[in-house]
Amino acid sequence: MKRELHQDASLETAAAQAGMDPKTARKYRALDTLPSEIKAARVREWRTRDDPFEEVWGTVEGFLEINPGLKAKTLFDHLQRSDPGRFSDGQLRTFQRKMKFWRATKGPSKEIYFPQTHHPGLLSQSDFTCMNSLGVTIAGQPFNHLIYHYVLSYSNWETGTICFSESFESLSEGLQHALWTLGGVPQAHQTDRLTAAVNKPDNPEEFTRMYQGLLDHYGLIGRRINSRCAHENGDVEQRHYRFKDAVDQALMLRGSRDFATRAAYEEFLTKLFSQLNSGRTERFRQEVKVLKALPPTRMDSCTKLMVRVGPSSTIRVKHKVYSVPSRLVGEQVCIRLYAERLEVWYGQRHIETIARLRGSDRHRIDYRHMIDWLIRKPGAFAAYRFRDDLFPTSRFRMVYDALGTQHAPTKASREYLQILHLAARENEAAVDDVLQTLLDDLTTISAPVVAKHLQERTAPAPMPSVEVAAVSLHGYDQLLAHTREART
């Protein structure tokens with residue numbers, strides 16, 4: 001229309017060309033505004049229906065000013081209880097929209113997240129993530145575990161280590177494995193507030209001495225995030241989700257979540273990390289160029305504790321009970337506590353290595369440590385606090401129960417302990433096989449019977465007789481004679 005008017009056309013002609021009524025054309029000519037601009041400027045400030053919450057909104061605002069975290073459903077239920085029959089369930093959505101508008105116009109300010117710029121080789125982050133939801137099994141048995149997850153913030157290069165608790169030992173082993181796999185050291189390392197592993201319980205502002213020693217060994221600057229602010233460790237938190245999703249998809253593609261051994265599962269994870277990192281090579285090369293050199297050696301990933309062996313030939317380590325050889329009773333021993341094992345040292349000599357307990361298990365008693373004294377004190381066996389640990393297999397327990405039906409408690413304990421002594425002195429697996437045979441044959445079981453069967457099974461096979469005929473030297477003499485003739 002404006003184009004026609006600029007070409008000196010009449011209003012009627014311009015309106016006809018634009019397909020509008022002359023009155024409408026006259027209005028737009030007078031306003032000198034496009035129709036779309038008029039529509040955009042038109043704001044409806046009146047209500048099309050009455051506000052059902054107008055009378056009670058002052059009360060609602062009072063609640064929100066005291067506690068802005070109140071939900072719309074909570075306040076709506078309160079209004080229904082305060083004035084039964086006034087508000088129907090169908091008005092909940094209207095109330096929610098009204099509260100949403102109030103929060104946006106008069107409510108408290110919301111937290112702001114500030115995007116960060118990452119630089120090559122500057123920061124790494126790590127955290128533990130639980131893998132139980134993936135349903136991984138080892139040889140058919142559930143394998144509940146964690147992954148210590150390590151990520152470079154700039155390139156998102158990542159790696160991980162299997163562990164079973166958020167302990168300092170797991171953190172130390174995982175961090176060192178990551179750094180040596182990486183082949184260098186970034187400037188800083190950031191974790192969440194790992195109370196057990198990183199921060200002192202009595203002073204959360206300081207790192208523990210062991211963790212600080214680990215950081216100093218690699219020349220790392222330690223950082224930690226604020227409490228309940230997981231987004232500050234955002235790179236590794238986001239990688240948790242994506243990594244576990246990648247593991248889940250890879251397991252689906254594999255067709256089975258069961259692995260023959262733990263080593264096979266670790267190999268599976270190593271290949272998966274390599275696949276995930278293959279798309280980050282360009283930024284990873286930039287990081288590698290500025291990484292610091294590794295120290296000459298690794299730091300020992302253990303905690304050293306001095307404990308005294310109790311009169312029951314046990315030690316208590318991290319609220320768990322372990323048995324040790326009885327000759328150490330009353331002595332103070334050094335415990336080197338690793339992520340999955342503990343070593344017993346006495347006088348700079350390594351005495352024994354024990355698998356570390358995890359989860360709900362509270363004690364691990366090795367019958368070999370105390371069988372000699374149980375033989376001397378059979379009456380103590382029936383009520384021994386850790387008696388269940390003295391049944392190496394289910395067949396040993398079945399034999400003890402069977403002996404209990406045949407003899408008095410003391411006699412049954414004495415017979416069972418003699419059998420257990422055979423297992424400690426000879427071979428536990430061989431004794432277990434003998435017990436299986438006796439149970440299957442419904443034979444009366446006793447220590448002499450077990451010893452007899454064991455001797456028959458382990459007796460060496462008779463040596464075969466070997467006859468060696470006397471060597472005749474006549475052929476050798478003939479050979480020498482022919483040799484002389486040939487020379488002459």
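The values are calculated or read from the model by the stated rules, or taken from the named source; none is laboratory data. Everything numeric here is computed off the predicted structure, so don't read it as measured data. In this analysis, Cβ positions are derived from the backbone assuming ideal geometry, glycine residues included, and neighbour counts consider all displayed protein chains.
For segment 177-185, the criterion of being over 18 Å from F284 (Cβ atoms) and not charged (D, E, K, R) is satisfied by no residue at all. For segment 341-379, residues that are without any contact (Cβ under 8 Å) to a residue 40 or more places away in the chain and among the hydrophobic types (A, V, I, L, M, F, W, C) total 7.
Regarding E415, is this residue surrounded by fewer than 10 Cβ atoms within 10 Å (Cβ to Cβ) and modelled with pLDDT of 75 or more? No.
Checking each residue in segment 201-246 for being surrounded by fewer than 18 Cβ atoms within 10 Å (Cβ to Cβ), at pLDDT 85 or above and over 22 Å from P296 (Cβ atoms) picks out Y241, R242, K244, D245, A246.
Assess whether I371 counts as being farther than 28 Å from M299 by Cα and touching a Leu at 6+ places or on another chain (Cβ under 9 Å). Spell out the reasoning first.
Details: farther than 28 Å from M299 by Cα: yes; touching a Leu at 6+ places or on another chain (Cβ under 9 Å): yes.
Spelling it out, I371 is indeed farther than 28 Å from M299 by Cα and touching a Leu at 6+ places or on another chain (Cβ under 9 Å).
Scanning segment 137-182 for residues that are surrounded by fewer than 23 Cβ atoms within 10 Å (Cβ to Cβ), small (G, A, S) and closer than 24 Å to Y338 by Cβ yields A139, S165, S167, A178. Condition test on V450, is it more than 29 Å from T314 (Cα to Cα), buried (at least 17 other Cβ atoms within 10 Å of the Cβ), touching a residue at least 24 places away in the same chain (Cβ under 8 Å) and β-branched (V, I, T)? Criteria met by V450. For segment 118-130, name all the residues that are under 22 Å from Y241 (Cα atoms) and either of a type in the set (K, R) or out of contact with any helix residue (DSSP H, G or I) (no Cβ under 7 Å at 6 or more places or on another chain) (or both). Within segment 118-130, H118, L123, S124, F128, C130 meet the criteria.
Can you tell which of F101, F114 is without any contact (Cβ under 8 Å) to a residue 12 or more places away in the chain, outside the structural domain of D235 (by TED's automatic domain parsing) and assigned to a loop (DSSP other than H, G, I, E, B)? After ruling out the rest, the residue left standing is F114.
State yes or no: is C302 at pLDDT below 95 and either under 25 Å from T208 (Cα atoms) or not assigned by TED's automatic domain parsing to the domain that holds V151 (or both)? Working first, answer last.
On the way: at pLDDT below 95: yes; either under 25 Å from T208 (Cα atoms) or not assigned by TED's automatic domain parsing to the domain that holds V151 (or both): yes.
When the stated conditions are applied, C302 passes them.
Of the residues R457, R484, which is among the basic types (K, R), outside any loop (DSSP other than H, G, I, E, B) and under 24 Å from S394 (Cβ atoms)? Spell out the reasoning first.
Details: R484 fails: under 24 Å from S394 (Cβ atoms).
Going through R457, R484 in turn, the sole match is R457.
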